[in-house]
Each structure stands twice: as structure tokens, then as C-alpha cells.
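The values are calculated or read from the model by the stated rules, or taken from the named source; none is laboratory data. Just so we're clear, the structure is a prediction, and the values are computed from it rather than from any experiment. Cβ placement follows ideal geometry from the backbone for every residue including glycine, while neighbour counts extend to all protein chains displayed. Calculation scope for accessible area: heavy atoms of the full protein, side chains included, ligands and nucleic acids excluded. Shrake-Rupley method; radii C 1.70, N 1.55, O 1.52, S 1.80 Å.
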Amino acid sequence: MKGVYFDGSKAVYREDLPTPEPENDHSRIRVLYANVCSTDKEILKGYRPQFHGVMGHEFVGVVDKTDRPELLGKTVVGELNEGCGSCLYCRSGREKHCPDRKVIGLDSLDGCFAEYFVEADHLVHIVPDGLPPEQAVYTEPLAAALEIPVQVHMDPRKNVAIIGDGRLAFMIAQVLHLTGAHLTVIGKHREKLDAFMSFAEKTRLVGEFSDPSNAGQTENVYAENAALAHDPDRTYEVVIEATGSPDGIKLAQKIVRRQGTIVLKSTYAGMTEIDMSIFVVNEITLVGSRCGPFEPALRLLQKGLIRFPEVEWHELCDFQAAFSSKAFKAGFHICDQ
Ligand SMILES: [Zn+2]
Ligand SMILES: [Zn+2]
């Protein structure tokens, strides 16, 4: 079968991959659409050097081989993390934190950038009637956005800032907009920020938060935070970092209010250096946030409460074009329904 395979250092398109056979409690999925995620691009930069296998984790497909009659022939989406089933985390409903978990397209399991792949039955979710597969393919990143209200009490009276103007920020902004919160989206690109206008109260450029008198000085986050402390218009109770780069946390530190919360959504290869004392002195809550619940994401999509732009579709053999695309979302149209 055809697929995009990561060999430990680079991605290669192959047509000689074996079609997988599902084992116990697993189903085989014929992939209709699969989207490229920035995590896939991070793999190419060295985020998961130990991984060898078919890439990809955002998909919609049809179950074509399974022991479960209720799944056969159904259009499905699926979660990424397959736990061991027996450890403390798996037994307490926290499978995605299993220390021995395998992750499709990222760790020990082949992913969905192929005609077929295999997934554990309990991770599969049936796409509800009336939701087209081209929108259902957004379930996984939307679920990741929904993890924020799972973790943090989103008081709709509080003001919230999202740092980032990319896809992840777009998902989060749509979700938080539904809470009625006063929402500001902060980004680097005016043209990208314009896409947020219909659900953010305000959009601002990163430059609006830099102090011109400090230009060229060494950055002191603590002093910059203090300088903004009397400015209710440029400080926020909850700051969500969704830039996909290490710069975001520095801006978050600067604009978060005392006793506020910073939610970290970006994963990237590499390290960042930050001044930790501000978290102590200002009593900031720091929340790491990753994968989220699929069923609420499917309900929001089915009800049309959340809408995403059309994906730019590519063939698997053109994976490089898909990976380097500047479209809102690029993906692969792999099999016809
Ligand atoms: Zn993803
Ligand atoms: Zn486990």
C-alpha cells in the first residue's frame, strides 16, 4: 500500500508498505482523509527521533476489517494514545498519560498517512450522521482545544488572551468564543488575525505589547510585567499560549495578571529559557494541556457550532507540498468513500 514513512531522520513516500492486519480488539481503517499537523512537521525537525513508521494522526476513515459488527463499514475518527491497559494511569481513566503508551504516527504505532492503518477499538469514535468527512477530519485538533475547559474553569466574566494566529489558536478561539468570554487574539500576522474577527472581541499584534523605550535592551520579563500591571486593557486573567514556538511563553509571562493562569498548548522540538520567579511572586498557575475529548468535539462539529476552512488536499506522493503548504490546513485525500 501507499504511505508516507518516517525512517528516523526523514519522511519518504513508499508504495511497498504491507497492508496491516488487525489483531485482537483492533480494527483496520481505510483512510479517506488525513490532515498534516504541526506535530508532524516537528517530527521532521527531530521531535521524535526514535520513531520509525507511517506518519500522521489526524484522520477520518471507514472501518473495513474488525471483530466488532457495530464498527464495520462505519465512518470513524480516532484518538492517538494507546495505553498498556493495566498501569495506574490506564486504570484511572488517564490512558493518554500511560508511561508505556504507544501513539499513532508518533511513537511505536503506524499512523494514518497511508491507505490503511490499524487502531485499538476503544479509541475509535463513530462520526455522527450529517457530519461530512471533510469536517470530521478536524475532530482531533478540536478535541485538543476542548481540553482547555476540561482543565481550567473558564469563568465567562474573565478576559482571556490567546497568543498565536495559526490553526491551533483558531480552534481554541472558536471553542472559547462559545463560553461568552471577552476574548483577545494576539498574533504576528495582520492578515491571519483578520480570520479571527468574527469570534474574538479584539485582535492585536504582538508589537502592541513591547515598550518602545525598552527597545534593544535585554528582556526582563519581570519588569515588563510590572510595567503593564496598571493597564487592564493589555493584561489578562487567562493567557493561552498557542504559537507553536518558544516565544509565546515569554509574552504570556508579560501579559498575565497576578494570580492569573497560563495554559501551554504548544509542543515543539527544542528548549526555552524562562525566568521562573514571576510564577512564584505573582502566584501564576501554569497548566500544560494536550489531547482532549472526542465526543464533545464531534457534537460541536455536527451541530455546526464550529466551522473550519476547507482543507487544501494533496496526494500522498506529494507529501512535501502538503508539509510545506501555507494553507490554513493541508491534508491528504487518500481513498474515496
Ligand atoms: Zn495533531
Ligand atoms: Zn498504562
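Listing for the model above:
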| read-out | value |
| --- | --- |
| Inter-label distance for residue 194 and residue 24, nm, one decimal - labels placed 7 Å from Cα along Cα-to-Cβ | 5.8 |
| Extended-chain gain in nm, criterion 0.36 nm per residue less alpha-carbon gap, residue 155 and residue 88 | 21.0 nm |
| Computed helical MRE - 222 nm, the chain, DSSP H runs ≥ 4 contributing -39500 (n - 2.57), nearest 500 | -6000 deg cm²/dmol |
| Sulfur and carbon atoms: percent of accessible area, segment 229-270 [1.4 Å] | 46 |
| Heavy-atom accessible area ranking, 1.4 Å probe, most first, across 82, 241 | 82, 241 |
| Within the chain: Cβ-based charge dipole about Cα centre, in debye rounded to nearest 20 (Lys, Arg +1; Asp, Glu -1) | 720 |
| Inter-part distance where segment 88-115 and segment 320-337 are each reduced to a Cα centre, Å | 24 |
| Rounded to 5, percent antiparallel among DSSP beta bridges of the chain | 50 |
| Amide H contacts under 5 Å for residue 330, placed H, 5+ residues apart | 36, 312 |
| Whole-number accessible area per residue in Å² for the chain, which is evaluated in the context of all protein chains at 1.4 Å | 46 |
| Cα long-axis angle, helix 167-177 against the chain (0 to 90 degrees, to the nearest 10) | 70 |
| Dipole of the chain, positive direction: furthest Cα of 284, 118, 149, with charges on the beta-carbon | 284 |
| Karplus-derived 3J(HN,Hα), 6.51/-1.76/1.60, for each residue of segment 283-294, Hz, glycine and proline x | 6, 8, 8, 10, 10, x, 9, 10, 6, x, x, 7 |
| Cross-link partners of residue 10 among aspartates and glutamates (Cα-Cα below 13 Å; sequence separation of 8 or more within a chain) | 40, 42 |
